[in-house]
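Asks: Encoded as structure tokens, here's the structure I'll be asking about.
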There are 2 protein chains.
Amino acid sequence: MSHEHNHLQEALDTLKETGVRITPQRHAILEFLIQSMTHPTADDIYKALEGKFPNMSVATVYNNLRVFREVGLVKELTYGDASSRFDFVTTEHYHAICEDCGKIVDFHYPGLDEVEQLASHVTGFKVSHHRMEVYGTCPECTINKEVH
Amino acid sequence: MSHEHNHLQEALDTLKETGVRITPQRHAILEFLIQSMTHPTADDIYKALEGKFPNMSVATVYNNLRVFREVGLVKELTYGDASSRFDFVTTEHYHAICEDCGKIVDFHYPGLDEVEQLASHVTGFKVSHHRMEVYGTCPECTINKEVH
DNA sequence: TTATTACATTGTAATCTTTATAATTAGTGT
DNA sequence: ACACTAATTATAAAGATTACAATGTAATAA
């Protein structure tokens, strides 16, 4: 049984447990998010599925991404650019973002608990979580630059 | 001589060096950004200055924030919400963000050089910088919650 | 000083992402 | 299969940001 299949099944179970109906559209959006190695925008998802669902509304994509976010299946990533990207939640990881081509690559690093503690101490906040990304140039774009 | 005055003078010098004209609008936007302890949106700035510049266009605010970003005077902060916030660049610092009221508080922490190095190693990226924020509840909002 | 040129500002329209709304359709439990 | 409720669709609306053309203003050179 593939990892993708596992993830999908677990996601569907989560939906059932939380009383969220499993519709063909939701199934397809989840499936696409899980198999997608990129971190797609709502519009990416909409375009990717319009072959299978010619009548699907873009509102459906947004609605369901919100639902998935609310039950914890999906994280919304907001970078500087115009639209949010969506990431199926598996294990904790951080992102490296290429400033030339926009590619997003996952990398693992132990959680920055110490930072959260210090921040909590100096600001008085009750800290719930954090976000962190590194920015730079991916190997492909580095090569392209060297050629020119 | 106050810190604010220093910052403003340095910022104006930077503009001169990079050949960016110093207009009354630019002067006012910089002044407002420096003295502002909040991290204002473009619209905040527009509203704050419409008393002094009744004819200023919102496009001017956006144009100049872009210019300031390009010469490194200002950082654009993009969180999940609708509009970007702008932060005058002084010393390196991170942000703690209140999920209840939206307040943003600065805190200092040694740069996460180790994270950048590991990310660079596992992804092959040439890492130029990173961003990190912690999210939680500020002291005021924590009190408000306890009361209820 | 004056003319010239390049850059800034203004006002407005356009674009783009996301959300709201109302009507229709489709899942789910009995 | 029925009834109930939620989801989908289509469309409009909202909000942030950008594009563009016309006007204004600062720097430069004659």
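The values are calculated or read from the model by the stated rules, or taken from the named source; none is laboratory data. Remember, it's a predicted structure, so these values are computed and weren't measured experimentally. For neighbour counting, all protein chains shown are included, and Cβ atoms are generated from backbone atoms with ideal geometry for every residue, glycine included. Just so you know, the surface numbers come from the protein's heavy atoms only, side chains and all, with ligands and any DNA or RNA stripped out. Shrake-Rupley method; radii C 1.70, N 1.55, O 1.52, S 1.80 Å.
Asks: Just to check your reading of the model, which residue among B:GLY72, B:GLY80, B:GLY111 is out of contact with any Cys (no Cβ under 9 Å at 6 or more places or on another chain), over 24 Å from A:ASP81 (Cα atoms), open to solvent by less than 70 Å² (accessible area, probe 1.4 Å) and at pLDDT below 95? Explain how you work it out, then say what you get.
Replies: Numbers: B:GLY72 fails: over 24 Å from A:ASP81 (Cα atoms); B:GLY80 fails: over 24 Å from A:ASP81 (Cα atoms).
Unique residue meeting the criteria: B:GLY111.
Asks: Can you spot a residue in the stretch A:44-51 that is under 16 Å from the mean Cα position of the chain (by Cα), within 13 Å of chain B (Cβ to nearest Cβ) and more than 24 Å from B:GLY136 (Cβ to Cβ)?
Replies: Within the stretch A:44-51, none of the residues are under 16 Å from the mean Cα position of the chain (by Cα), within 13 Å of chain B (Cβ to nearest Cβ) and more than 24 Å from B:GLY136 (Cβ to Cβ).
Asks: Hey, another quick one. Would you confirm whether any residue within the stretch A:30-49 is acidic (Asp, Glu) and within 9 Å of DNA strand C (Cβ to nearest atom)?
Replies: Within the stretch A:30-49, one or more residues are acidic (Asp, Glu) and within 9 Å of DNA strand C (Cβ to nearest atom).
Asks: Considering only the stretch A:17-30, I want to know if a residue exists there that is under 14 Å from the mean Cα position of the chain (by Cα) and either surrounded by 13 or more Cβ atoms within 10 Å (Cβ to Cβ) or more than 30 Å from A:THR142 (Cβ to Cβ) (or both).
Replies: Yes, the stretch A:17-30 contains a residue that is under 14 Å from the mean Cα position of the chain (by Cα) and either surrounded by 13 or more Cβ atoms within 10 Å (Cβ to Cβ) or more than 30 Å from A:THR142 (Cβ to Cβ) (or both).
Asks: Sticking with this structure for a sec: Are any residues in the stretch B:116-148 surrounded by fewer than 16 Cβ atoms within 10 Å (Cβ to Cβ) and more than 7 Å from every other protein chain (Cβ to nearest Cβ), and if so, which ones?
Replies: B:GLN117, B:HIS121, B:GLU140, B:ILE143, B:ASN144, B:LYS145, B:GLU146, B:VAL147, B:HIS148
Asks: Search the stretch B:56-73 for residues that are under 16 Å from B:PHE32 (Cβ atoms) and without any contact (Cβ under 8 Å) to a residue 24 or more places away in the chain and pair each with any residue that is within 10 Å of DNA strand D (Cβ to nearest atom) and open to solvent by 60 Å² or more (accessible area, probe 1.4 Å) when their beta-carbon atoms are under 7 Å apart and the residues are at least 6 apart or on different chains.
Replies: Final answer for the pair search is B:VAL58/B:TYR46; B:ARG69/B:GLU76.
Asks: Further question on the same structure: Give the stretch A:63-95 a look and list any residue that's within 14 Å of chain B (Cβ to nearest Cβ) and of a type in the set (Ser, Thr, Tyr), or say none.
Replies: Passing the criteria: A:THR78, A:TYR79, A:SER83, A:SER84, A:TYR94.
Asks: Taking the stretch A:40-69 on its own, how many of its residues are among the aliphatic types (A, V, I, L, M) and either exposed (fewer than 13 other Cβ atoms within 10 Å of the Cβ) or closer than 15 Å to A:ALA11 by Cα (or both)?
Replies: Residues that pass the stated criteria total 3.
Asks: What are the residues in the stretch A:83-96 that are among the acidic types (Asp, Glu) and open to solvent by 60 Å² or more (accessible area, probe 1.4 Å), if any?
Replies: Residue satisfying the conditions is A:GLU92 alone.
Asks: While we're here: If a residue has to be within 13 Å of DNA strand C (Cβ to nearest atom), closer than 20 Å to B:GLY102 by Cα and not polar (S, T, N, Q) to count, how many in the stretch B:65-87 make the cut?
Replies: 4
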